[in-house]
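The values are calculated or read from the model by the stated rules, or taken from the named source; none is laboratory data. Computed from a predicted model, the values in this text were never measured in an experiment. Positions of Cβ are generated from backbone atoms using ideal geometry, with glycine treated the same way; all protein chains shown enter the neighbour counts. Just so you know, the surface numbers come from the protein's heavy atoms only, side chains and all, with ligands and any DNA or RNA stripped out. Shrake-Rupley method; radii C 1.70, N 1.55, O 1.52, S 1.80 Å.
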Amino acid sequence: MMDKRSLPTGRRENHLLRLARHLTDRDHDILSLLHTHRVLTTSQITQVAFTSHSRTLQRMRTLTALGVVARFCPRLDRGSAPWHYVLDTHGARVVAADQGRDAERARVRRDRQLAVANSAHLAHRVGVNGFFTSLTGSARASEGRAELGEWLNAADAAEWVDARSRQAWGAGLPQPDGYGHWRQGGRSLAFFLEWDTGSETHRQLTAKLERYVAFAGSATVPVPWVLFVFPSGRREANAGSALSRVPGVRQVPVATACLPDAAAPDEAVWRPLGTGGDRVRLAKLATAGAVAWG
């Protein structure tokens, strides 16, 4: 059977027209997220788009059969991993058409798909994306009382920083893992995310914060909160101690958290750096020293 990717142009266009009859608005949203964030797991897609794991599996199986997404399970030393989904060629063409770009030129290279699957940074990327899909899930469950107003990947977050700094691009500017804007209960909080997997030294972590301090001195806007998420309470305590000694740290609002599997980022898991009090909810950080903006 001929691969639809190798069909002549006219027949490919007809195939995309046939695809359009099968794709829902929700499908288009999922494809857009995969285009921006590269990879999402079954549970993450459930958080942003569905109400049950089984419905997610069923729909993603259909999208895989249609050739708009591809899936893989990374190898684990223990247990089994969930399905991980990436955009496939027909999905890339659908996204291009949605964005008003030339769908014929849009394609996904198989070697790059495999690179995502085998990347040493896969767990980090999935962790970062899971932070934001968890917030999206919390907003969906809030029935309008909370909203993740913005969610930028690392590349777009870096551009956000560059556009608001008087320094030249790459001149010691921070490179966040993501940027978000959370609204809840009348409070508005802009933040950068630093997702730690425990592989970096304390010196590498403090160097990251030093770049945020430098950014604070050149920024044309108030600096958002910098949220460090650590894989364990012990790692958080030790790293937090090192971060609190960074010169000029008071110029930047910083909070740390350790997120157990059952905890969501909007819950009372955040401790502003340098304080020993109770942990607070994400929205409450907006009243703990940060200046939020639209």
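State the Cα centre-to-centre distance between region 83-99 and region 231-251 in whole Å.
About 40 Å separates the Cα centre of region 83-99 from the one of region 231-251.
Could you report the accessible area of CYS73 in Å², rounded to 10, computed with a 1.4 Å probe on the protein chains as they sit in the structure?
70
Order the following by accessible area, largest value first: HIS181, HIS202, HIS121. Probe radius 1.4 Å; ligands, DNA and RNA are ignored.
Sorted by accessible area, descending: HIS121, HIS202, HIS181.
Nearest 0.05, what FRET efficiency do GLU200 and ASP29 give at R0 = 35 Å with Cβ-Cβ as r?
0.55
Compute the Rg/Rh shape ratio of the chain: radius of gyration over Kirkwood radius, all on alpha-carbon atoms.
Rg divided by Rh gives 1.00.
Compare ARG38, ARG235, ARG245, ARG75 by solvent-accessible area with a 1.4 Å probe and give them largest first, with all protein chains kept in place.
The most accessible residue leads, giving ARG75, ARG245, ARG38, ARG235.
Using r as the Cβ-Cβ distance of ARG21 and ARG145, and R0 as 25 Å, what FRET efficiency do you calculate, to the nearest 0.05?
0.10
To the nearest 10 degrees, how steeply does helix 122-141 sit against the main Cα axis of the chain, on a 0 to 90 scale?
Approximately 90 degrees, to the nearest 10.
First check a/c for region 170-256, with a ≥ b ≥ c the square roots of the eigenvalues of its C-alpha gyration tensor; if it is under 1.5, answer rounded, and if not, answer prolate when a/b is larger than b/c or oblate otherwise.
Values: a/c = 1.75, a/b = 1.18, b/c = 1.48.
Note, shape of region 170-256 comes out oblate.
Could you check the simple spin-label distance between THR275 and GLN99, using points 7 Å along Cα→Cβ, in nm with one decimal?
Using points 7 Å along Cα→Cβ, the separation is 3.9 nm.
Counting DSSP beta bridges in the chain, what percent are antiparallel, to the nearest 5?
The antiparallel fraction comes to roughly 70 percent.
Return one number: the angle in degrees, 0 to 90 and rounded to the nearest 10, between the long axis of the Cα atoms of helix 25-37 and the longest principal axis of the Cα atoms of the chain.
Rounded to the nearest ten degrees, it is 60.
On the full set of protein chains, 1.4 Å probe, figure out the accessible area of GLU159 and give it in Å² to the nearest 10.
110
At a probe radius of 1.4 Å, what is the per-residue accessible area of LEU16, in Å² to the nearest 10?
Approximately 40 Å² of LEU16 is accessible to the 1.4 Å probe.
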